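Novice: Quick one: the structure is below, questions incoming.
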Amino acid sequence: MLRFAIAGWRAVLLLLLVGTATANAAESFIIDEIEVEGLQRLEEGTVLSYLPLVVGDELNQQTAQQSIRSVYDSGLFSDVRLLREGGTLIVRVEERPQIVSFSIEGNDKIGGDELMESMRSLGLSEGEVFRQALLDQVSLELRRQYFANGFYDVDIDTVVDELPNNRVSLKIDVVEGESATIKSINIIGNEVFDDDTLRDELKLQETDWMPFQQSDRYSKQQLGGDLESLSSYYQDRGYLRFTIEDVQVQLTPDKRDIYITVTVDEGEVYSVEGIRFTGETVLNQAFLNALVSTRAGETFSRKKATESADRIEAALANVGFAFAEVQPVPEPVDGKDRAITINYAIDPKKRAYVRQIHFRGNAGTNDETLRRELRQLEAAPFSQTAVERSRVRINRLAFIEQTEVETQRVPGTDDLVDVIFTVRERPPGSVQVGVGFSGADGFLISGSVTHANFLGTGNRVAVNLENNEFSRQLNLSWTDPYFTEDGISQTISGFFRRSDRIIRFSSGFSSNILGGDLTYGLPISEFSTLRAGIGVSETSIETFAGQTSDEVLNFVNENGKRFTAFQLRTGISRDTRNRTIFVTRGNLLRLNADIVVPGSDLRYFSTSLTTQHHIPIYAGFLAQINTSLGYVDTYGNANTVPPYENFFAGGTRTVRGYRDGTLGPRDTPFDNPFGGKLRTTSQTELIIPLPFEADGQSTRFSLFFDIGSVFAEPGDFEFNELRQSAGIAFRWFTPFLGILNLSYGFPLNDEQGDETDRFQINFGTGF
């Protein structure tokens, strides 16, 4: 074998360039063949793929240096040499070891799964090539993170176990030690606000007597956030030139206590002389003025100025300027000390148009089913309001659990965006056979087949069968939410109900009802819908000697026991809620009016008004107010409302703490609840966020106050007769039983004869 050698200074230069890799070449030559030596795990083709030489090329000083550097820079080899044997170029390599395993132990406070994922992305994982420099870098970075979080006594040891066949096992052992705690936070230079007031603005706090205190654990990142909060506190109160001049963080020799000293310069209070808008304003002056919350003569507030700029950006985004930037710039006023003009510098950028709208995660839903909910259209100017409304509409679908949206700029353009909706679907269909319980109906056995997204079309098909101690019923329904392209919905339903439930409340009689409905929903605005439909039913009732009340017997004597009713259904609703279950914001107003039309055996009508108001308070606390008003009466020559159409109150849906259906008028001679023509109820709840659930989509805990009752005639209404209760409630959206309702109510003004029931529970489908 004839070894090439590069004489003198050339050899020295090459060694300086490529480290331990060497190339010996006495003279240039044409490569007839290339061989690779030293491989253990890698294929020869891997080396050749990095080598910038092929058979027929000339090997000289320059190409040798380039070749060694290229192969070495692959990171796969710790040493690379070029040798010659005749016309054959020999590439001799030494492979870096392969990582068999990598683990970090003892890092309870820093890292976890996210740290391991980060290590894998850097190349420290099973099957990767080992590089000592990378392991050292990771160890230093881990130590830096511990220091930044107050763990100055941390000990980090890296262990490299060499294994046969050029393999290694890596392990980082961490002994975290105790976190240093904040002994003192001292603020220097403050004269307007005292130390305690300013320290209250900080999340980092001095160690106190509270057990399990976490706010005294030092974190460099949190200190940065606290300093920003301190600046905001001053600048929101007019101290425009407030500065933090120095920050000292001192660690005691035993590495257990930290002393923080912040030196500030408060400056002077500035007032707003006026506002102006510069740049390409786009929007008219009057509209821009309405978006600004700081007025002339007020003390400057950075928070108000920033919020005003955000509102202007949002307004511009709604008319297509998706990338608009608005910067509030305080400008001194000539000739006046401590007076500024706020200049809102507006840069709308180019008007953006939506190129495409994509959906992700809708494995069981047709694209068109989601697309018809959109208020932002393709090829139209981008509108932030339209995009957000589209997200809410998709999120309100019964088969969608969560919807997220993002806007992406189209690469290579400055005026096109793509809008991407990512959905998480609920199971749209279910076949259930189960047991439920209601305070009104007792235990029930139910079976149902429901599909809220039939064949991905958004159509809802439902078959429900229930059997309990007091009733049996079968319901069939089909709902097409887009019966027409304009969004008119159609619901076709049929039902059979046999009920003995009135026996529980009052005066023994049973009823059998067979009927069907055809109902349409006609959207008249983004949030409002008209309801129109017809229904037909055949009803028969049965009385029992010695058990039926006088009121029921009088009705039967006047009208008989079998009735055919043709019903006209109307209504209007306005719904701005962000969800249909466990709502967090928005309101619902629904007014329905149904009438049994002439030509029927009976003549009566019923009206109902339902409202829901959801008022966010603070930090997840929510006020919810539900009210309902119902009224039923006869018209024409009819005198008596059918007893099965009376309103009842009491129980989880109306006034908790009182037994289901027991409030209001009583029958004769049994003195049992009989219901009445007028019902009015209100439920007010303070919903308290639970620490174990961030989004509040499956559980709810609340304090409640309920009030309401039923009256035989509207003229009988007296406020003093309304029953009141207060208590606590818990709701859980269970996977199999539907919504579980638990409540414990305390009647506040119950009277003799009232039937109270403090603990109440409802669960199962059909409630």
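Novice: Output the residues belonging to the range 146-183 that are within 17 Å of GLU126 (Cβ to Cβ) and touching a Gly at 6+ places or on another chain (Cβ under 9 Å).
Specialist: ILE172
Novice: Now for a separate question. When the residues of the range 367-391 are narrowed to those that are β-branched (Val, Ile, Thr) and closer than 21 Å to GLU313 by Cα, which ends up surrounded by the most Cβ atoms within 10 Å (Cβ to Cβ)?
Specialist: It comes out as VAL387.
Novice: Still on this structure, please answer the following. Answer yes or no as to whether THR668 is outside any strand (DSSP E or B), surrounded by 22 or more Cβ atoms within 10 Å (Cβ to Cβ) and out of contact with any Phe, Trp or Tyr (no Cβ under 6 Å at 6 or more places or on another chain).
Specialist: no
Novice: Sticking with this one: For residues in the range 147-162 being within 14 Å of SER103 (Cβ to Cβ) and not hydroxyl-bearing (Ser, Thr, Tyr), which is farthest from the chain's Cα centre (by Cα)?
Specialist: ASP161
Novice: While we're here: Could you list, in sequence order, the residues of the range 218-251 that are free of Cβ contacts under 8 Å to residues at least 12 places away in the same chain and over 39 Å from the mean Cα position of the chain (by Cα)?
Specialist: Answer for the range 218-251, where residues must be free of Cβ contacts under 8 Å to residues at least 12 places away in the same chain and over 39 Å from the mean Cα position of the chain (by Cα): just GLN250.
Novice: Identify the residue in the range 38-61 that is without any contact (Cβ under 8 Å) to a residue 60 or more places away in the chain and closer than 12 Å to GLU95 by Cβ and, among all such residues, is surrounded by the fewest Cβ atoms within 10 Å (Cβ to Cβ).
Specialist: GLU43
Novice: So, in the range 295-323, exactly how many residues are in a loop (DSSP other than H, G, I, E, B), farther than 29 Å from ARG375 by Cα and touching a residue at least 24 places away in the same chain (Cβ under 8 Å)?
Specialist: Qualifying residue count, the range 295-323: 5.
Novice: Name the residue that is modelled with the highest pLDDT, counting only residues in the range 263-282 that are hydrophobic (A, V, I, L, M, F, W, C) and touching a helix residue (DSSP H, G or I) at 6+ places or on another chain (Cβ under 7 Å).
Specialist: Per the stated criteria, the residue is PHE277.
Novice: What do you reckon, is THR261 assigned by TED's automatic domain parsing to the domain that holds PHE242 and among the polar types (S, T, N, Q)?
Specialist: When the stated conditions are applied, THR261 passes them.
Novice: Right, GLY364: assigned to a loop (DSSP other than H, G, I, E, B), farther than 24 Å from ALA314 by Cβ and assigned by TED's automatic domain parsing to the domain that holds ALA315 or not?
Specialist: Answer is no for this residue.
Novice: Then there's this: When the residues of the range 581-623 are narrowed to those that are in a strand (DSSP E or B) and touching a residue at least 60 places away in the same chain (Cβ under 8 Å), which ends up surrounded by the most Cβ atoms within 10 Å (Cβ to Cβ)?
Specialist: Looking at the filtered set, the residue picked out is LEU622.
Novice: Filter the range 360-396 for residues that are farther than 23 Å from VAL583 by Cβ and among the acidic types (Asp, Glu) and give the result.
Specialist: Within the range 360-396, ASP367, GLU368, GLU378 qualify.
Novice: In this structure, is ILE342 within 30 Å of GLU266 (Cα to Cα) and either surrounded by 17 or more Cβ atoms within 10 Å (Cβ to Cβ) or among the hydrophobic types (A, V, I, L, M, F, W, C) (or both)?
Specialist: Yes: the conditions hold for ILE342.
Novice: Give all pairs with beta carbons closer than 7 Å in which a residue from the range 390-408 that is modelled with pLDDT of 90 or more meets a residue that is among the small types (Gly, Ala, Ser); count only pairs at least 6 apart in sequence or on separate chains.
Specialist: As it stands, the answer is THR407/ALA322, since those pairs meet every condition given.
Novice: Only one of (1) over 15 Å from THR652 (Cβ atoms); (2) modelled with pLDDT of 90 or more; (3) of a type outside the set (Gly, Ala, Ser) fails for PRO735. Which number is that?
Specialist: (2)
Novice: What number goes with the only condition from (1) touching a strand residue (DSSP E or B) at 6+ places or on another chain (Cβ under 6 Å); (2) assigned to a helix (DSSP H, G or I) that VAL159 does not pass?
Specialist: Only one criterion in (1) touching a strand residue (DSSP E or B) at 6+ places or on another chain (Cβ under 6 Å); (2) assigned to a helix (DSSP H, G or I) is unmet by VAL159, namely (2).
Novice: Next question. Among the numbered criteria (1) without any contact (Cβ under 8 Å) to a residue 24 or more places away in the chain; (2) within 17 Å of TYR631 (Cβ to Cβ); (3) crowded, with 16+ Cβ neighbours inside 10 Å, which single criterion is violated by GLY708?
Specialist: (1)
Novice: Let me ask something else about it. So is THR543 buried (at least 16 other Cβ atoms within 10 Å of the Cβ), farther than 30 Å from PHE730 by Cβ and either in contact (Cβ under 8 Å) with a residue 24 or more places away in the chain or within 50 Å of the chain's Cα centre (by Cα) (or both) or not?
Specialist: The answer is yes for THR543.
Novice: May I ask you to verify whether GLY521 is modelled with pLDDT of 95 or more, under 29 Å from THR611 (Cβ atoms) and assigned by TED's automatic domain parsing to the domain that holds ASN592?
Specialist: Judged against the criteria, GLY521 is a match.
Novice: So, one more: If LEU444 satisfies every condition in (1) surrounded by 15 or more Cβ atoms within 10 Å (Cβ to Cβ); (2) of a type outside the set (Gly, Ala, Ser); (3) modelled with pLDDT of 60 or more but one, which is the exception?
Specialist: The number of the failed condition is (3).
Novice: Tell me, please, whether a residue that is at pLDDT 80 or above, of a type outside the set (Asp, Glu), crowded, with 18+ Cβ neighbours inside 10 Å and within 30 Å of GLY56 (Cβ to Cβ) can be found in the range 92-109.
Specialist: yes
Novice: Quick one: VAL71 ticks every box in (1) touching a helix residue (DSSP H, G or I) at 6+ places or on another chain (Cβ under 6 Å); (2) more than 17 Å from PHE130 (Cα to Cα); (3) part of a helix (DSSP H, G or I) except a single one, so which number is it?
Specialist: (2)
Novice: Right, next: Is it fair to say ARG424 is under 23 Å from the mean Cα position of the chain (by Cα), within 20 Å of GLY458 (Cβ to Cβ) and exposed (fewer than 14 other Cβ atoms within 10 Å of the Cβ)?
Specialist: Taking the combined requirement at face value, the residue satisfies it.
Novice: Return the residues of the range 678-712 that are of a type in the set (Gly, Ala, Ser), closer than 19 Å to GLY651 by Cα and under 30 Å from the mean Cα position of the chain (by Cα); say none if nothing qualifies.
Specialist: Once the filter is applied, which keeps residues that are of a type in the set (Gly, Ala, Ser), closer than 19 Å to GLY651 by Cα and under 30 Å from the mean Cα position of the chain (by Cα), the range 678-712 yields SER682, SER702.
Novice: If you take the residues in the range 295-338 that are surrounded by fewer than 18 Cβ atoms within 10 Å (Cβ to Cβ) and of a type in the set (A, V, I, L, M), which one is farthest from ARG241 (Cα to Cα)?
Specialist: Here the residue is VAL319.
Novice: Do we find a residue being out of contact with any Leu (no Cβ under 7 Å at 6 or more places or on another chain), outside any strand (DSSP E or B) and not aromatic (Phe, Trp, Tyr) anywhere in the range 339-346?
Specialist: no
Novice: Further question on the same structure: Could you tell me which residue of the range 282-294 is farthest from the chain's Cα centre (by Cα), considering only residues that are surrounded by fewer than 16 Cβ atoms within 10 Å (Cβ to Cβ) and outside any helix (DSSP H, G or I)?
Specialist: Of everything passing the filter in the range 282-294, ASN284 is farthest from the chain's Cα centre (by Cα).
Novice: Quick one: count up the residues across the range 671-726 that are aliphatic (A, V, I, L, M) and outside any loop (DSSP other than H, G, I, E, B).
Specialist: Looking only at that region, the number is 8.
Novice: Okay, next question. Looking only at the range 369-380, count every residue that is part of a helix (DSSP H, G or I) and farther than 9 Å from GLY458 by Cβ and tell me the total.
Specialist: 1
Novice: Would you be able to say whether some residue in the range 199-214 is within 17 Å of TYR259 (Cβ to Cβ), under 38 Å from the mean Cα position of the chain (by Cα) and part of a helix (DSSP H, G or I)?
Specialist: Within the range 199-214, one or more residues are within 17 Å of TYR259 (Cβ to Cβ), under 38 Å from the mean Cα position of the chain (by Cα) and part of a helix (DSSP H, G or I).
The values are calculated or read from the model by the stated rules, or taken from the named source; none is laboratory data. In this text the structure is predicted, and so the values were computed from the model without any measurement. In this analysis, Cβ positions are derived from the backbone assuming ideal geometry, glycine residues included, and neighbour counts consider all displayed protein chains.
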